[in-house]
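Structure record follows, encoded as structure tokens.
The values are calculated or read from the model by the stated rules, or taken from the named source; none is laboratory data. Note that the structure is predicted; figures quoted are calculated from it, not measured. Virtual Cβ from ideal backbone geometry, glycine too; neighbours counted across all protein chains shown.
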Amino acid sequence: MEPAADSSTTKEEQRSLGRLSAPISPLLSLDESSSELTKSMSVIPNPSRLERPFDLRSLPSFSHASSQSSFPSACSTSFRTRTSSPKSRASAVVSPSLPPLPESRIILGLGGTGLDFLVTVAAYPKPDEKIRSTSSKVQGGGNAGNALTCAARLGLNPRLISKVANDAQGKGILDELEGDGVDTNYVVVAEEGNSPFTYVIVDSQTKTRTCIHTPGYPPMVPSELSQTSLFSALKGARLAYFDGRLHETALVVAQEAARRKIPILIDAERKREGLDDLLSLADYAVCSAKFPQQWTEAPSIPSALVSMLLRLPNIKFVIVTLGEGGCIMLERSINVEGSDLEEMDVDNLLELLKQEIDGNNAIPTCISSKTVMRLSADRIGTLSGRLLVGTAEKIPSSELIDTTGAGDAFVGAILYAICADMPPEKMLTFAAQVAAAGCRGLGARTSLPWRTDPLLAPFLS
């Protein structure tokens, strides 16, 4: 692949995506009031001629037919620009019962954003079987896009570094993010190629979802983010967050964030190229259920968490999310050493904490080791810290719609909790409640709560 065009050119960086034109494309009409998937022919007009802004949510669906049949070897890029700064609707209404918003609310996120084509089915199809959907939705997606949308609704001011293409999907992706208060000024727009998209099949019977992802093209490279844009994106940031994608650019941004002593959170979903370098700079990590053991080859999750903290001396805590099983956090204790500390095997401690969980409690709760301990893992090592176990909300089957993006919602809530200086016990229950809310609608963002949601009040106060 040839180098991308220099994105530092003033005219290119200031070009508004609102003037992009889109070709005529056949659209698939996904009617949510019907299980029928019907085809229709539609025209996507030039957005610059629209009387109102082009909005993904105003369309039933998109076709990806507008993507080029052959990808170019080079592309020119631009940055998303806007005449006014985004304003989060989360801060529009202030309830007297809510605590004040965090003093430092700017966060920077770098990673994937895209478009999700979601359908629900009665049961996942067998090979060569034809079935009908029971509902459908087209919505923005991507780990970073979802997490920052969640953070914006909770009251933070997120900035996003990512990449989309100069196509109708890319325009809609950014418009939706801006509508939720995410600053897209630092998103690179490729003049050719395609924006990322994912097909999501939600099984109503098993409450599971299957994702088929198509990455954007061309991929983002560090040269597309000028030093001026990098410094501007990091200015005033309380926290920097990376979902593990776009690893070459992510490392450049993370190194500059670390140089400025901006705390870094890594979403470690699975082993990816360049993730080890990002983790070495991290202050916090949120992991999927399988990642800690895959990365450390430890025999259990608790011992894997000990191994991670020993290998990554900068990390203050690691959280592993377990879906309906809740989450586990291992928090490092700084400057607390001594022979008088009680020592316990971390696996045994986890079992003791689980015994304290009230199985009849439907709302998220947190159980923690009472004091700092010396936590040991056989053949791995020992460190001083605390182990915490968080439970998930028990969502009634009739209310559980789709788990797509639940992990992203959890991360978005953790970003808010760090900015708000929440103690770990409060942080885990708050994030669990936010993630549960996101499971009550089709798609990752449909039911993400706003800060003023009454269901969040007990976890924020």
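Summary of values
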item: In the range 163-193, the residues that are of a type in the set (A, V, I, L, M, F, W, C) and farther than 10 Å from residue 140 by Cβ; result: 164, 165, 168, 187, 188, 189, 190
item: Hits in the range 276-326 - residues which are within 19 Å of the chain's Cα centre (by Cα), buried (at least 19 other Cβ atoms within 10 Å of the Cβ) and either of a type in the set (D, E, K, R) or part of a helix (DSSP H, G or I) (or both); result: 278, 279, 283, 291, 292
item: Qualifying positions in the range 226-246 - within 23 Å of residue 196 (Cα to Cα), touching a Leu at 6+ places or on another chain (Cβ under 9 Å) and not aromatic (Phe, Trp, Tyr); result: 233, 240, 243, 244, 245, 246
item: Matching residues, the range 177-197, being in contact with a Leu (Cβ under 7 Å, 6 or more places away or on another chain) and among the polar types (S, T, N, Q); result: 184, 195
item: Residue check for residue 258: within 23 Å of residue 410 (Cα to Cα) and modelled with pLDDT of 95 or more; result: no
item: Selected residue (criterion: surrounded by the fewest Cβ atoms within 10 Å (Cβ to Cβ)) from residues of the range 170-197 that are polar (S, T, N, Q) and within 20 Å of residue 250 (Cβ to Cβ); result: 185
item: Residue within the range 331-354 that is within 27 Å of residue 276 (Cα to Cα), touching a Leu at 6+ places or on another chain (Cβ under 6 Å) and at pLDDT 95 or above present; result: yes
item: Residue within the range 126-135 that is more than 24 Å from the chain's Cα centre (by Cα), at pLDDT 95 or above and of a type in the set (A, V, I, L, M, F, W, C) present; result: yes
item: Listing of strands (runs of 3 or more DSSP E) fully contained in the range 353-432 that carry 2 or more residues being of a type in the set (S, T, N, Q) and surrounded by 22 or more Cβ atoms within 10 Å (Cβ to Cβ); result: none
item: Selection within the range 327-352 - hydrophobic (A, V, I, L, M, F, W, C), assigned to a loop (DSSP other than H, G, I, E, B) and surrounded by 13 or more Cβ atoms within 10 Å (Cβ to Cβ); result: 336, 341
item: Those residues of the range 163-217 which are part of a strand (DSSP E or B), under 25 Å from residue 441 (Cα atoms) and of a type in the set (Val, Ile, Thr), in sequence order; result: 198, 200, 201, 202, 208, 210, 212, 214
item: Some residue of the range 439-458 being hydroxyl-bearing (Ser, Thr, Tyr), assigned to a helix (DSSP H, G or I) and farther than 30 Å from residue 203 by Cβ; result: no
item: Lone unmet requirement of (1) buried (at least 19 other Cβ atoms within 10 Å of the Cβ); (2) under 19 Å from the mean Cα position of the chain (by Cα); (3) assigned to a helix (DSSP H, G or I) for residue 265; result: (3)
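Residues checked against (1) in contact with a strand residue (DSSP E or B) (Cβ under 9 Å, 6 or more places away or on another chain); (2) touching a residue at least 40 places away in the same chain (Cβ under 8 Å); (3) surrounded by fewer than 23 Cβ atoms within 10 Å (Cβ to Cβ); (4) not hydrophobic (A, V, I, L, M, F, W, C):
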{"position": "114", "(1), (2), (3), (4)": "yes, yes, no, yes"}
{"position": "118", "(1), (2), (3), (4)": "yes, yes, no, no"}
{"position": "121", "(1), (2), (3), (4)": "yes, yes, yes, no"}
{"position": "132", "(1), (2), (3), (4)": "yes, yes, yes, yes"}
{"position": "135", "(1), (2), (3), (4)": "yes, yes, yes, yes"}
{"position": "142", "(1), (2), (3), (4)": "yes, yes, no, yes"}
{"position": "147", "(1), (2), (3), (4)": "yes, yes, no, no"}
{"position": "155", "(1), (2), (3), (4)": "no, yes, no, yes"}
{"position": "158", "(1), (2), (3), (4)": "yes, yes, no, yes"}
